[in-house]
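Below is one structure; the comments refer to it alone.
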There are 2 protein chains.
Amino acid sequence: MKTIKMKKNSFFFLVLLAMTSFISCNTQEKKLPEEAVKTDPLLSWNETATKKAIIDFVTAVTTEGSAQFIPEEERIATFDNDGTLWCEQPLYFEVAYSLSAMKDVFAAKPELLKKPELKALADKDMKTFMASGEKGIAEVFALSHTVVGVDDFNKSVQAWLQTKHEKFGKPYGDLTYKPMVELLKYLRDNHFKTYIVSGGSSMFMRNFTEKAYGIPPEQVIGTMLKAEFKPDTYQVVFTPELFHNDDHGGKPIGIAQFIGRKPVLAFGNSDGDLEMLQYTATNTRPNLCLLLHHTDAEREYAYDRESHIGQLNKALDEAIAKGWIVTDMAKDWKIVF
Amino acid sequence: MKTIKMKKNSFFFLVLLAMTSFISCNTQEKKLPEEAVKTDPLLSWNETATKKAIIDFVTAVTTEGSAQFIPEEERIATFDNDGTLWCEQPLYFEVAYSLSAMKDVFAAKPELLKKPELKALADKDMKTFMASGEKGIAEVFALSHTVVGVDDFNKSVQAWLQTKHEKFGKPYGDLTYKPMVELLKYLRDNHFKTYIVSGGSSMFMRNFTEKAYGIPPEQVIGTMLKAEFKPDTYQVVFTPELFHNDDHGGKPIGIAQFIGRKPVLAFGNSDGDLEMLQYTATNTRPNLCLLLHHTDAEREYAYDRESHIGQLNKALDEAIAKGWIVTDMAKDWKIVF
């Protein structure tokens with residue numbers, strides 16, 4: 001089995017942290033007046049340079065006769081998911097799901113308990129489990145996604161999305177960023193085709209992207225496990241082997257393979273998104289590259305260069321050097337969730 | 001290098017045939033009165049049971065309140081390309097392109113002439129080249145697609161599409177089936193999302209699907225070569241290694257990976273499409289499976305069970321047994337091209 005590469009080794013300690021205790025704090029969100037939504041498509045954004053840059057770009061490329069005009073069919077916009085469209089702390093939600101799903105995996109395949117690292121996990125001996133390193137995490141990720149068929153996996157994910165996040169006291173599935181949902185809709189209203197291009201697995205994300213973001217399954221590109229066609233049942237089943245790793249260089253590769261057109265707008269939040277932004281910036285059409293900077297410890301989280309998850313270091317330097325739009329969560333967003 | 005599997009070994013003899021002489025015969029096509037197009041969306045189809053079955057299905061699944069109603073977002077329709085949307089005889093057009101492009105490959109990489117099978121090809125010694133079997137063909141296919149960058153490859157394909165087909169005296173790029181183009185449009189007018197799911201490479205097909213069929217690049221799933229992201233130029237380049245073989249079981253796999261929804265309509269013409277039809281038939285929504293049977297030696301070609309290209313044998317038996325719609329080109333189509 002190939003392993004699914006995690007962003008940082010020290011990530012495992014965070015999982016341990018997540019499995020023990022979180023800081024609980026409910027944040028107060030302002031309500032928006034309904035009337036204003038009709039006139040301002042980005043009502044959850046503050047009136048800063050970031051909002052202006054987005055609106056100026058969309059206006060220029062959609063105005064016929066403008067030198068910057070982009071034909072509708074080329075208006076491809078790609079978004080990272082974890083940390084860009086929804087929260088990713090204190091650990092990737094898909095990893096949190098995978099850990100929680102292992103109970104069902106052990107019930108279905110008790111023989112797995114012969115493996116010491118999995119036995120340790122079943123016994124909640126996280127220290128021993130973590131000692132197995134990336135291999136153990138990748139094993140959990142792949143097993144939890146393939147131990148049951150696709151239909152049962154989907155049911156399991158959908159049920160899990162109702163689990164409450166310790167910090168926010170809201171279901172994980174509701175921790176999508178309101179300003180980003182508005183931006184996606186604003187782009188589609190201007191005839192952009194919005195895609196998710198994310199390191200998470202497409203089979204996990206497809207359970208909520210349509211409802212949460214208005215993005216249908218066929219516009220979700222993620223990490224993919226190998227699949228097989230079963231000639232007896234005529235079904236496609238996934239196997240615990242990596243087929244496409246949709247992170248770093250895998251993002252532009254996924255775009256080239258599955259979309260076949262270079263984006264004119266890309267939005268990420270971590271070093272794993274840098275290559276997608278670099279690729280988008282080479283579009284001969286006008287283009288806009290954006291990075292979300294998590295600066296809001298009170299309403300969400302504050303992290304960047306040294307973070308164990310969603311590390312934003314090289315990409316932040318390059319964004320500043322190249323004049324990409326760095327979205328400052330604390331300053332640019334009126335509302336988070 | 002992995003090899004790209006061809007549908008039949010004896011296929012190579014056809015290539016030889018194609019490289020020497022074709023039967024030339026221009027067929028006469030009737031013109032359609034413009035008025036009639038407005039009322040009949042499938043004007044190039046004869047008034048047979050096939051046309052009725054298609055219209056009955058589309059009407060039933062798009063009529064709100066009907067027991068068969070399918071919500072718009074689930075109206076996914078997948079079409080094979082070679083032999084279903086355009087002609088595939090006397091050899092797959094993409095193979096014809098690949099052979100023709102080898103001149104440029106040799107100019108760019110003269111060291112390839114040290115390989116005996118490629119030297120033979122350069123010397124037009126087809127007998128020796130053919131003796132290299134599938135390996136030689138796969139080598140030509142991969143080299144012709146990757147020797148230059150994507151932009152130059154696209155230019156080369158677009159120029160080649162103007163080459164005239166020996167039998168029809170028309171450019172290869174124009175040999176799309178008029179009844180199928182009408183069907184695609186009819187489905188889209190009824191809010192189906194139309195996809196190509198074909199054994200040909202997506203990088204080749206994306207050069208004409210939008211213009212020829214109204215199908216944008218991002219709705220083209222084909223065989224894919226491995227790709228790499230170049231950190232110096234920020235570009236994606238393709239390599240001569242197979243990444244996804246989009247034939248037989250690879251078709252439902254491609255649908256599950258890249259669309260993430262089961263089709264409600266699928267149309268193919270050969271045994272390579274059988275698994276896609278089997279998969280579609282398991283949709284719990286009403287669904288329609290169709291096969292094109294090439295029965296028209298005069299206007300196009302007649303072939304099925306023993307054909308070297310587009311063999312229709314097992315799939316024909318299964319279609320008859322399961323009541324899938326077998327489209328008889330000679331009887332069901334008023335017009336071919």
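With the label put 7 angstrom out from Cα along the Cα-to-Cβ vector, residue A:314 ends up 4.6 nm from the copy partners, going from closest to farthest. Computed per residue of the protein assembly as shown from DSSP H runs no shorter than four, each worth -39500 (n - 2.57), the mean residue ellipticity at 222 nm is -11000 deg cm²/dmol. Sorted from greatest to least, the principal axis extents spanned by the alpha carbons of segment A:53-134 come out as 68, 24, 17 Å. Farthest toward the positive end of the dipole of chain B, out of B:143, B:244, B:329, is the Cα of B:143, where the dipole comes from beta carbon charges about the Cα centre. Peptide A:192-203 has a mean shielding of 1, counted as Cβ atoms of other protein chains within 10 Å of each residue's Cβ. Pairs from the table (A:51/A:193; A:51/A:251; B:103/B:135; B:52/B:262; A:251/B:124; A:135/B:230) lying more than 30 angstrom apart at Cα are A:251/B:124.
Could you tell me the calculated FRET efficiency between residue B:135 and residue B:230, based on Cβ-Cβ distance and R0 = 25 angstrom, to the nearest 0.05? Don't jump to the answer; show the numbers that get you there.
On the way: r = 28 Å, r/R0 = 1.13.
E(calc), rounded to 0.05, equals 0.35.
Here segment B:133-217 is described by how far its Cα atoms reach on the three principal axes: 43, 29, 27 Å, from widest to narrowest.
GNM on chain B, alpha-carbon springs under 10 angstrom: the most fluctuating residue among B:176, B:233, B:194 is B:233.
Percent of Cα-Cα pairs per 10 Å bin, from 0 to the last occupied bin, for chain A, please list those. Histogram of Cα-Cα distances, whole percents per bin: 5, 25, 34, 23, 10, 2, 0. Between chain B and chain A, the total buried accessible area stands at approximately 3100 Å², from heavy atoms with a 1.4 Å probe. Distance to the A-onto-B rotation axis is smallest for one chain A Cβ; residue and value in angstrom are A:258, 3. Among B:134, B:111, B:94, the residue with the largest mean-square fluctuation in a Gaussian network model of chain B, with springs joining Cα atoms closer than 10 Å, is B:111.
Out of the trypsin sites (Lys or Arg not before Pro) in segment A:224-318, which ones are loop residues according to DSSP with at most 11 other C-beta atoms within 10 Å?
On the way: sites: A:226, A:261, A:299, A:305, A:314; in loops: A:261, A:299, A:305.
Here the trypsin sites (Lys or Arg not before Pro) that fit, given the DSSP loop and packing criteria, are A:305.
Sequence-ordered 3J(HN,Hα) estimates for segment B:205-217 from the Karplus curve with 6.51, -1.76 and 1.60 and θ = phi - 60° stand at 5, 4, 6, 9, 5, 5, 6, 6, 10, x, 9, x, x Hz, glycine and proline given as x. Between this copy and the others, label points of residue B:73 are 2.6 nm apart in ascending order, each placed 7 angstrom from Cα in the Cβ direction. Simple spin-label estimate for residue A:159 and residue B:56 gives 4.2 nm between the two label positions (7 Å along the Cα-to-Cβ direction from each Cα).
What dipole magnitude, in Debye to the nearest 20, does the protein assembly as shown give about its Cα centre under +1 on Lys/Arg Cβ and -1 on Asp/Glu Cβ? Show your work: numbers first, answer last.
Numbers: 80 positive and 92 negative charges, 129 e Å.
The calculated dipole for the protein assembly as shown is roughly 620 debye.
With charges only on Cβ, +1 for K and R and -1 for D and E, what is the dipole size of segment B:205-299 about its Cα centre, in debye, rounded to 20?
360
One way to sum up the overall shape of segment A:108-160 is the equivalent ellipsoid from its Cα gyration tensor, whose semi-axes run 22, 12, 10 Å, largest first. FRET efficiency for the pair residue B:66 and residue A:243, taken as 1/(1 + (r/R0)^6) with r the Cβ-Cβ distance and R0 = 45 Å, rounds to 0.70. Remark on residue A:304: its backbone amide H falls under 5 Å from those of A:312, a criterion applied only to residues 5 or more positions apart or on other chains, H modelled at 1.01 Å from N. Less than 5 angstrom separates the built amide H of residue A:241 from those of A:226, all sequence-distant by 5 or more or on a different chain. Each residue of segment A:324-332 was assigned a 3J(HN,Hα) from its phi angle through the Karplus expression (A = 6.51, B = -1.76, C = 1.60, θ = phi - 60°), giving 5, 8, 8, 8, 8, 3, 5, 8, 8 Hz with x at Gly and Pro.
Tell me the trypsin sites (Lys or Arg not before Pro) within segment B:115-202 that lie in a loop according to DSSP and have at most 16 other beta-carbon atoms within 10 Å.
Values: sites: B:119, B:124, B:127, B:135, B:155, B:164, B:167, B:185, B:188, B:193; in loops: B:124, B:167.
Within segment B:115-202, the qualifying trypsin sites (Lys or Arg not before Pro) (loop, at most 16 other Cβ atoms within 10 Å) are B:124.
Counted by Cβ distance under 10 Å from residue B:264, the other residues give a net charge of +3, where Lys and Arg count +1 and Asp and Glu count -1.
Since only B:254, B:319, B:43 are under comparison, the one whose Cα sits farthest along the positive direction of the charge dipole of chain B, derived from C-beta charges on Lys, Arg, Asp and Glu, is B:254.
Any idea of the accessible area per residue across chain B, 1.4 Å probe, to the nearest Å²? Present the calculation step by step, with values, prior to reporting the outcome.
Numbers: 14120 Å² over 337 residues.
Solvent-accessible surface per residue comes out at 42 Å².
I want the antiparallel fraction of DSSP beta bridges within the protein assembly as shown, as a percent rounded to 5.
Percentage antiparallel, nearest 5: 35.
The aspartates and glutamates whose alpha-carbon is closer than 12 Å to the alpha-carbon of residue B:226, local same-chain residues fewer than 8 away aside, are B:241.
Each pair of Cα atoms in the protein assembly as shown enters the Kirkwood radius, and Stokes-Einstein at 20 °C and 1.002 mPa s then converts it into a translational diffusion coefficient of 79 µm²/s.
Using the alpha-carbon positions of segment A:201-300, Rg (one decimal) and Dmax (whole number) come out as 16.2, 54 Å. Of the residues A:85, A:118, A:277, the one that moves most in a GNM of chain A with alpha-carbon contacts below 10 Å is A:118. Remark: spin-label model distance residue B:125-residue A:108 equals 5.8 nm, labels positioned 7 Å along the Cα→Cβ axis.
Can you give the % of DSSP beta bridges in chain B that are antiparallel, to the nearest 5? If you can, show how the numbers build up before the last one.
Numbers: 11 of 30 bridges.
Here the antiparallel bridges make up roughly 35 percent for chain B.
The apolar share of the surface of segment A:234-285, taken as the fraction of accessible area on carbon and sulfur atoms (1.4 Å probe, ligands and nucleic acids excluded), comes to 48 percent. The amide H of residue B:235, built 1.01 Å from its N in the peptide plane, has B:230 as neighbours under 5 Å, considering only residues 5 or more places off or on other chains.
The values are calculated or read from the model by the stated rules, or taken from the named source; none is laboratory data. Keep in mind that this is a model prediction, so the values were computed, not measured. Positions of Cβ are backbone-derived with ideal geometry, glycine not excepted, and every protein chain shown enters the neighbour counts. Ligands, DNA and RNA are stripped out before the accessible areas are found, and what is left, the full protein with its side chains, is counted by its heavy atoms. Shrake-Rupley method; radii C 1.70, N 1.55, O 1.52, S 1.80 Å.
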